[in-house]
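No value in this document is a laboratory result; all are computed from the given coordinates. No experiment lies behind these values; they were computed from the predicted model shown. As a convention, Cβ positions derive from the backbone with ideal geometry for all residues, glycine included, and neighbour counts pool all protein chains shown.
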Amino acid sequence: MKKIFMMAIALLVVGSVSAQRRYYGRSTRRTTVTRVQTRPYNSFYEPKIGFTGGVNFANTVSAYNSNYSTSNLTGFNAGIIFDLPILYPLSFAPEVLYSQKGHATYTNNGNFTQRTNFIDVPLLAKFKVGPIFNIYVGPQFSYLLNTTNTYDNGFVVTNQQYYENAHPIDRSILAGVAGVGFDLGRNVELRGRYTYDFTKTDYAANTYVPPFRNQVWQIGLGFKF
């Protein structure tokens, strides 16, 4: 009887160990499958909205003289950005920005700066190249808000500000944009781009609308959610 009892206990122990092995083996396999199925979250197809801010390094080229050049004038840009996926790796990325442009001219007779403030609406195609690298290209429509001229001859500083009263078409400018972006995280992007006006700002020879084409280098950060 005692031998039978001991044999029964031994069988129970062996059966228990075997069951545990089968249980944990299944658990391990399930865990392995779960790990295989759990991949990094892909948020490409989620529409996003956010905001951006950065620095402008602007100058102008003459609409009439290809040899004309000016010095850079530093300003800022800020506004709302969108990211609307179409089909990987292409997205539509429109923006609405307040952007400071203009130029500076330094002569022996004094220094002249012209600050022009615009509402820019870039309508960009965004191409995702690799995990963190993006390329932007597309047209931009700009609307001139006002112009401030400053002249400094070393003794007197003169400021003149003009709120444009020309026809809205005369203050509207078509430009082109090309740039790149680097994703610093899921919601943050380092952005750099170049914009160049296709049409001159003095479309109808208005007195206070400068007859130049703006070119602007921009760098900043975008935050999308």
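The convex hull drawn around the Cα atoms of region 59-110, when projected onto a plane and averaged over every direction, covers 6.2 nm².
What number comes out for the charge environment of G54, summing +1 per Lys or Arg and -1 per Asp or Glu over other residues with Cβ under 13 Å away?
On the way: positive: R191, R193; negative: E95, D120, E189.
Cβ neighbours under 13 Å give a net charge of -1.
Using the Cβ of A78 as centre and a radius below 11 Å, the other residues enclosed give a net charge of -2, where K and R count +1 and D and E count -1.
Provide the net charge surrounding Y196, with neighbours chosen by a C-beta distance below 13 Å and charges set as Lys +1, Arg +1, Asp -1, Glu -1. Residues close to Y196 contribute a combined charge of +2.
Taking only alpha carbon atoms, region 103-155 gives an Rg to Rh ratio of 1.29, where Rh is the Kirkwood radius.
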